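What follows is one structure encoded as structure tokens, with my remarks underneath.
The values are calculated or read from the model by the stated rules, or taken from the named source; none is laboratory data. What you see is a predicted model, and the numbers here were worked out from it, not measured in a lab. Quick reminder, even Gly has a Cβ in these numbers, built from the backbone with ideal geometry, and neighbours come from all protein chains shown.
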Amino acid sequence: EAGVAQSPRYKIIEKRQSVAFWCNPISGHATLYWYQQILGQGPKLLIQFQNNGVVDDSQLPKDRFSAERLKGVDSTLKIQPAKLEDSAVYLCASSLERQYEQYFGPGTRLTVT
Amino acid sequence: GEDVEQSLFLSVREGDSSVINCTYTDSSSTYLYWYKQEPGAGLQLLTYIFSNMDMKQDQRLTVLLNKKDKHLSLRIADTQTGDSAIYFCAETRDNYGQNFVFGPGTRLSVLP
């Protein structure tokens, strides 16, 4: 079974620029998560989708971050405009149906200069 | 401060047992988890324990939960160099797999 795919793996941008990350979850997984992992810290949940609906986005900085999940499958996370403190690894995870086992992708490492 | 706390570093000799500790603050936690993260990779679920259990064993891994002290530990028997990674403790506070909270991670170094 193919795992969670993410692209790009690395991205370097200047502050105030925009960036988008893409995630393709495991086929059949209804729940999709985006996490932000700052160096030296554990992942912090940004947003959780159930199919194409948002279940929890309480920790998403909505003034600059947005996310969507197209047709309940792929998802994109966008930052516009980026700040220095957004430098982190952005992890996507999926699970079968709000189940407890989340499968993580390899992450996208974002550096904002 | 962190809702879930862990010591940041642990070094052990190959063949010894490793014990990674975690404390959490929310008594309403339903499931508690241990994840492993190798360099450049995403997180991999190792094991989990339901809050009404006090121990779970899975091959070389033993999870102990002390609800009174809100303390969770992961013991790795016969630690190998391949066990070198960052280990995250995590909790969820509802029955729908939401409100996942991760600790800062413990970096385990296994010395030959």
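Points worth noting:
- Set A:Gln50, A:Gln6, A:Gln41: member being within 12 Å of chain B (Cβ to nearest Cβ) and closer than 19 Å to B:Gly103 by Cα: A:Gln41
- Just one of the numbered conditions (1) in contact (Cβ under 8 Å) with a residue 40 or more places away in the chain; (2) assigned to a strand (DSSP E or B) is not true of B:Leu65: (1).
- Picking from residues in the range B:68-92 that are outside any strand (DSSP E or B) and buried (at least 17 other Cβ atoms within 10 Å of the Cβ), the one that is modelled with the lowest pLDDT is B:Lys70.
- Restricting the first member to the range B:7-28 and to residues that are over 15 Å from B:Ala77 (Cα atoms), and the second to residues that are of a type in the set (Gly, Ala, Ser), the beta-carbon pairs closer than 6 Å and six or more apart or on different chains are B:Cys22/B:Gly103.
- Residue count for the range A:31-51 satisfying the condition of being surrounded by fewer than 17 Cβ atoms within 10 Å (Cβ to Cβ) and outside any strand (DSSP E or B): 5.
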